[in-house]
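> Before we start, here is the structure in question, set down as structure tokens.
Computed from the coordinates by the stated procedures, all read-outs in this text should not be read as laboratory data. Just so we're clear, the structure is a prediction, and the values are computed from it rather than from any experiment. Virtual Cβ from ideal backbone geometry, glycine too; neighbours counted across all protein chains shown.
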Amino acid sequence: MAGTHSLFDDKYEYRDPSQQKRKNARVKITIEGEFCVKGKTQRFPVHVVDIGTGGAGMETRTSVFEGDRIVLFAAINGKNMELESEVIRVSGKKANIIFVNLPDEDKDLIQDLIHKKFFDKDKKPLS
């Protein structure tokens, strides 16, 4: 089965539901994007490293702090999104964010991305 992907590939990580702390499932992914502090115009580069319908994990060299309101700009599942978010955890270059006022259309696209990652037989690289 050359060229096929499964949950057992290194690029996918299965997380035991009994050890899952969050209500919304997340999948590991690598998406290049940008963010700005809400109300400001300067954008900073960011790598989105996991995503779910409730929030995302990101890596950035720019300092962010718990409680910061940011806007994440990224192409997710074929759509350029602007996701209002709040930083809830920071550790070094890594930060976790929760989405604030996520439109249903964007939530559906993120859910579709998660579904494709886990359930489509002929997986293609996703962005």
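> Taking 0.36 nm per residue of sequence separation and subtracting the Cα-Cα distance, how much length would be gained by fully extending the chain between F119 and T41, in nm to one decimal?
This chain segment gains 24.2 nm when fully extended.
> Amide H to amide H, which residues 5 or more places from K38 or on other chains are under 5 Å from it, using H placed in the peptide plane?
R69, I70, V71
> Could I ask something else about it? Give me the distance in nm between label points sitting 7 Å out from Cα along the Cα-to-Cβ direction at F65 and R89, one decimal.
The two pseudo-label positions are separated by 2.1 nm.
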